[in-house]
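Data block below; observations after.
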Amino acid sequence: MKVLIVGGGGREHALATKIARERGVSKLLCTPGNAGIARVAQLVSVDPSDVDALCALASHESIDLTIIGPELPLDRGVVDRFRRAGLRIFGPPRDAAQLECSKVFAKGFMARHGIPTARYRVCDSAHDARTVLASGEFGFPVVLKADGLAAGKGVVVAADRDEANAAVRAAMVERRFGDAGARLVIEECLSGPEVSFFALCDGTRALPLTSAQDHKRVFDGDRGPNTGGMGAFAPSPLLDAELQAEVMRDIVEPVLRGMRAEGTEYRGFLYAGLMLTCAGPKVIEFNVRFGDPEAQAVMPLIESDLLPLLSSAADGRLASGAPRMTDTVAVCIVIASGGYPGAVKSGVPIRGLEEAERVQGVTIFHAGTAMQDNQIVTAGGRVLTVVGTGADYREARERAYVAAARISFDGMQYRRDIGLKALQPASQQFTKTSDA
Ligand code: AMP
Ligand code: GLY
């Protein structure tokens, strides 16, 4: 089978590493890839947001299955385009991808299908938004979300009226996120620990994969600006079998049923970002693809071959029975360039990768890396993900940090507290919960 992976981050390196080892793969291509992916796949340079060019590539290379990593091609209708050309692809069609790509769509969809989420209002103008805020309907803090994709920067948790009005001005008057901020969702602020849950879907059937917890802020102690994710651990100790069954029943399955009722089919990974409130799990956001860095933590824990699962999901005929998982856990640390999530310098030589890879139980996935004069250099904000696996979180975490300490490049930064939450008794993660 000839496989094409679209994307060039740590998530795609984790997918490529897993798939490259599986039986039945005759050729693995990745676009645009990175210096790490180049070791397991042949790189091509087609822009992932150019769906016509992707379709031409898959057709020219006689690709049997294309796997989409990031959300942008999904939002641009890559799945619809491939299907029209008779090409097999893993991911949701454009209408279903709106679950991630439009917060207004996602909230309306959840309301229509009884999926638990925060109460909300949609605002079409700055005047509407200020009226909702002035009404005090949601109190403070309150959450404001730009409707469209805003590279993880479109959500503000505003402590008071001034902060909320400033967020309205930034999105709707200054148009800081362009058209993505033309509409805003204002919603009640929920509290409780945040957990991500992943399912594999074929349009009618969903299989639970596992859960994870991300670390979104750039600095230790969850301080500083939001990022794409600075580290994760998987599975989440908070999502036991009972809670997982509840999430499948009350959230994942209603998504599939709702999509069918609305005339589309959800095929692909479904990522539910949840808050475990006193009133049960509620959806904070959906992503219509795997998470980054969650995929880096999860892929090493999947024992079953992924390719047969993804192909049958793409064909709408997943067999029953959840994928087999190892009985180990994973902690992954993102190594970022200095200045991230702001402007960063690229082309900085990276040292110590081989020594780091020698640590037992450790795998290193590349994100923003490139090869320059026979040397691996930085090429972006998030540079590497160091994954430690082990019998428990303590062991996995220690291995990841031992390996991370062997890597060095000018300006490199990483959080020192990834995975500490997993070592706390579950009850402590709930202590901040006050309402729902
Ligand atoms: P999102 O991009 O939708 O994942 O939101 C980014 C972050 O904002 C989430 O990870 C949460 O920490 C926070 N957030 C989003 N919605 C809410 C909410 N309704 N209540 C509290 N925090 C929220
Ligand atoms: N780590 C969160 C995401 O992939 O969106």
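The values are calculated or read from the model by the stated rules, or taken from the named source; none is laboratory data. This one's a predicted model, so the numbers in the text were calculated from it and none came from an experiment. Counting neighbours? That spans all protein chains shown, and the Cβs are built from the backbone with ideal geometry, glycine included. Please note that ligands, DNA and RNA were not included when accessible areas were found on the heavy atoms of the full protein model with its side chains. Shrake-Rupley method; radii C 1.70, N 1.55, O 1.52, S 1.80 Å.
Considering the range 245-287 alone, what residues qualify as being more than 14 Å from Ala206 (Cα to Cα) and more than 16 Å from ligand 1 (Cβ to nearest atom)?
Within the range 245-287, Ala261, Glu262, Gly263, Thr264 meet the criteria.
Quick one: is Ser191 among the small types (Gly, Ala, Ser) and either surrounded by fewer than 23 Cβ atoms within 10 Å (Cβ to Cβ) or not in a loop (DSSP other than H, G, I, E, B) (or both)?
Yes: the conditions hold for Ser191.
Considering only residues of the range 176-194 that are in contact with a Gly (Cβ under 8 Å, 6 or more places away or on another chain) and aliphatic (A, V, I, L, M), which is nearest to Ala426 (Cα to Cα)?
It comes out as Ala180.
Just for helices (runs of 4 or more DSSP H) wholly inside the range 241-358: which have at least 2 residues that are more than 23 Å from Gly419 (Cα to Cα)?
Qualifying helices (runs of 4 or more DSSP H): 241-247, 253-261, 306-314.
With at pLDDT 95 or above and within 16 Å of ligand 2 (Cβ to nearest atom) as the only criterion, which of Phe198, Phe219 stands out?
When all the criteria are applied, what remains is Phe198.
Tell me which of these Phe290 doesn't satisfy, since it passes every other one: (1) within 16 Å of ligand 1 (Cβ to nearest atom); (2) of a type outside the set (A, V, I, L, M); (3) open to solvent by 30 Å² or more (accessible area, probe 1.4 Å).
If we test Phe290 against (1) within 16 Å of ligand 1 (Cβ to nearest atom); (2) of a type outside the set (A, V, I, L, M); (3) open to solvent by 30 Å² or more (accessible area, probe 1.4 Å), just (3) comes out false.
Cβ contacts < 6 Å: first residue farther than 17 Å from Ala180 by Cβ, restricted to the range 118-143; second residue at pLDDT below 95 and open to solvent by 80 Å² or more (accessible area, probe 1.4 Å), any location; separation 6+ or different chain. Result?
Matching pairs, first to second residue: Pro141/Val157.
Report the residue count in the range 201-220 for those that are touching a Lys or Arg at 6+ places or on another chain (Cβ under 9 Å) and either more than 13 Å from ligand 1 (Cβ to nearest atom) or not in a loop (DSSP other than H, G, I, E, B) (or both).
The total comes to 10.
Considering only residues that are closer than 18 Å to Gly224 by Cβ and modelled with pLDDT of 90 or more, look in the range 142-166 and name the one that is nearest to the chain's Cα centre (by Cα).
Val155
Residue-by-condition table, conditions (1) of a type in the set (A, V, I, L, M, F, W, C); (2) surrounded by 21 or more Cβ atoms within 10 Å (Cβ to Cβ); (3) on the phi > 0 side of the Ramachandran plot; (4) within 16 Å of ligand 2 (Cβ to nearest atom):
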position	(1), (2), (3), (4)
Arg112	no, no, no, no
Thr117	no, yes, no, no
Cys123	yes, yes, no, no
Leu133	yes, yes, no, no
Leu149	yes, no, no, yes
Arg161	no, no, no, no
Ala170	yes, no, no, no
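Return only the number of the condition from (1) farther than 30 Å from Ala279 by Cα; (2) free of Cβ contacts under 8 Å to residues at least 24 places away in the same chain; (3) of a type in the set (S, T, N, Q) that Gln424 does not satisfy.
Result: Gln424 fails condition (1) only.
Condition first: open to solvent by 10 Å² or more (accessible area, probe 1.4 Å) and within 16 Å of ligand 2 (Cβ to nearest atom). Can you find one or more residues in the range 235-251 that meet it?
Checked the range 235-251: at least one residue is open to solvent by 10 Å² or more (accessible area, probe 1.4 Å) and within 16 Å of ligand 2 (Cβ to nearest atom).
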